[in-house]
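First up is the structure itself, then whatever we jot down about it.
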Amino acid sequence: MTHATKLSRVITRLRNVWSHGYSLRWALILRVLLPLLVAMSLVTVVGLRTMEQAIETRMQEDVELVARAIRLPISDSLEKGEDASVRQALESVFRIGRVYGAYVYDDSGDLVAAVGAVNPTPESRELAERAADGERSGDFEQIQGQEVYSYFEPLTDSSGRISGLLQVTRRGSDFRDDIGRMRLQAFAFIGAAGVAISLLLLVGHRGAIGRHLASLAGSMSRIEAGEREHRASAEGPKEVRSLSTAFNTMLNSMEEAEQEIAQRRSEQARLEDELRHAEKLAAIGRLAAGVAHELGTPLSVIDGKAQRALRHADADSRQERSLEQIRAEVTRMEHIVRQLLEFARTSSRQFRWTRLGDLVGASLASLEDRLRELGAAVVVRGETPGPELYVDPVRIEQVLVNLMRNALQAGARQITVNWDDADPVTVTIDDNGPGVPEEIRPRLFEPFFTTKSVGDGTGLGLAVVHGIITEHGGAIAIGVSPDEGARFTLTLPREARPESEQIKGHDHG
Ligand code: ADP
């Protein structure tokens with residue numbers, strides 16, 4: 001990779017960071033790591049400077065101590081004029097400490113003795129002045145191109161008079177070597193510490209937060225990709241956990257809201273279906289009422305004419321049989337017309353408080369002949385007289401008759417009627433017939449739905465039953481009896497409100 005492409009990559013990356021915001025790792029680096037490293041470096045630099053000064057002072061003191069240690073013997077020897085002793089004393093400096101050179105001058109600034117590698121060449125006058133000063137002093141200076149630290153100690157004779165000057169030097173590089181080593185160590189240490197801290201911080205960041213945030217982000221993208229059931233796992237530090245929990249809660253409430261919407265939608269669809277069904281029934285009802293009404297008069301005319309003709313016909317003649325047949329068919333047609341009118345609910349309703357037991361009794365009475373004819377039996381299980389209901393007794397009786405007649409027509413020979421004492425009252429009518437096949441159950445209450453052959457059934461019986469029960473605010477359901485026959489279950493509120501009242505009640509509500 002060339003430098004240009006590397007650079008352009010870095011620039012793109014920076015631009016991304018600029019436009020999309022920087023990552024948590026970058027935030028840590030910029031806001032925590034960098035300041036920390038800068039602070040560490042500052043502390044180190046300041047510390048180093050202090051230590052360097054301390055070392056320098058200590059080294060200068062070393063030189064001073066060395067000078068002071070040999071001052072007295074040298075002063076003594078100088079006073080006595082023993083040059084060899086001066087030299088000897090001077091040489092002992094190498095045993096005491098690390099020095100570069102040591103020199104003794106007399107009070108006029110002339111060199112008396114010297115030890116060490118390089119001879120300094122200070123001005124005699126200057127040295128004489130220094131000696132006359134009687135002050136100790138130390139300085140960095142250049143001696144033959146070498147930087148040295150020179151310390152001057154005035155020498156005095158026994159009477160306290162200045163008798164000369166002692167100079168002890170130490171190589172400047174001695175100082176700088178030590179300091180340089182120390183600096184190197186300090187910078188190596190700070191560098192290593194910086195790298196270690198950075199690594200610890202980045203690894204720690206990944207373990208403590210980065211990993212969990214990445215898993216949360218992963219969860220988000222999985223959900224975005226369509227895994228709607230997926231939930232973020234609540235792990236990691238408290239803040240990340242509460243983020244995950246909040247995220248999950250949000251998802252749950254979204255799901256709940258969606259479910260609710262779906263439920264409402266299906267409920268609405270169901271209501272629309274019901275409405276359509278009711279509209280269809282109403283239309284059929286109007287048609288049925290119209291047809292029945294129109295057929296009523298011609299049928300009674302036909303019946304009247306047949307009756308009259310019958311009076312004039314010879315007994316047992318073919319004509320009489322035909323007329324009897326006509327009358328029988330007319331009766332059947334009138335029955336159909338009645339059913340149609342019933343379905344169209346043209347007759348007025350009369351609600352009264354009535355005992356359920358009485359209603360069942362009345363319906364049994366009207367089926368008595370049929371039952372005897374077929375040798376069938378009806379067992380009444382419910383407790384008589386049974387609960388009191390506010391209903392249209394004629395119509396509820398018709399419901400019971402229709403249901404029981406259907407059972408007999410289906411071939412049942414035992415019918416069991418039962419009810420409870422609750423509100424709404426549940427009435428069950430079980431038979432031991434063949435039962436109703438599962439596949440036709442949904443269509444059972446539709447008008448004109450019949451399995452009987454043409455002429456035998458109109459398919460209006462259960463439609464009428466359904467209409468009456470709904471009108472009473474109740475419900476009807478089809479099931480299976482204990483004998484594997486049919487079971488019709490009616491639920492009726494104790495006090496049914498006639499439709500007109502229901503509408504009124506609706507207005508108030
Ligand atoms: P219809 O009796 O004129 O056919 P219904 O509406 O009374 O009309 O009945 C519709 C259909 O329901 C019947 O044709 C019959 O197949 C079925 N059915 C009704 N009651 C029973 C029952 N107790 N056992 C078996 N099938 C029944």
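List of remarks:
- Restricting the stretch 371-429 to GluC sites (Glu not before Pro) that sit in a DSSP loop and have at most 15 other Cβ atoms within 10 Å of their own Cβ leaves E383.
- Annotation: the residues V330, V291, sorted from fewest to most other C-beta atoms within 10 Å of their own C-beta, follow the order V291, V330.
- Among beta bridges that DSSP assigns inside the chain, antiparallel share in %, nearest 5: 90
- Secondary structure note: in the stretch 49-180, about 100% of the DSSP beta bridges are antiparallel.
- Peptides 144-156, 71-83 ordered by average Cβ neighbours within 10 Å, highest first: 144-156, 71-83
- Residues of the stretch 395-435 with amide N under 17 Å of a point placed 7 Å along Cα→Cβ from T470: 396, 399
- Across all directions, the average projected area of the convex hull around the alpha carbons of the stretch 179-330 is 18.3 nm².
- The chain: calculated mean residue ellipticity at 222 nm from DSSP helix runs of at least 4, using -39500 (n - 2.57): -20500 deg cm²/dmol
- With each label modelled as a point 7 angstrom along the Cα→C-beta vector, the E126-R405 pair spans 14.6 nm.
- Taking the number of Cβ atoms within 10 Å of each Cβ as an exposure proxy, the fewest-first ranking of S300, S363, S215 is S300, S215, S363.
- Cα convex hull, the stretch 356-509: 119 Å³ per residue, rounded to a whole number.
- Gain on full stretching of the segment that runs from R231 to A54 - 0.36 nm per residue minus C-alpha separation: 57.3 nm
- Kirkwood Rh in Å, taken over the chain so that all alpha-carbon pairs contribute: 36.3
- The loop-placed trypsin sites (Lys or Arg not before Pro) in the stretch 372-403, going by DSSP, that have at most 16 neighbouring Cβ atoms within 10 Å of their Cβ come out as R381.
- Three-way shape label, the stretch 416-504, alpha-carbon gyration tensor, a/c 1.5: oblate
- Note on S41, S159: ascending count of other Cβ atoms within 10 Å places them as S159, S41, the fewest first.
The numbers here are math on the coordinates, done by the rules we state, and not lab data. Model, not experiment: these values are computed from the prediction. Virtual Cβ from ideal backbone geometry, glycine too; neighbours counted across all protein chains shown.
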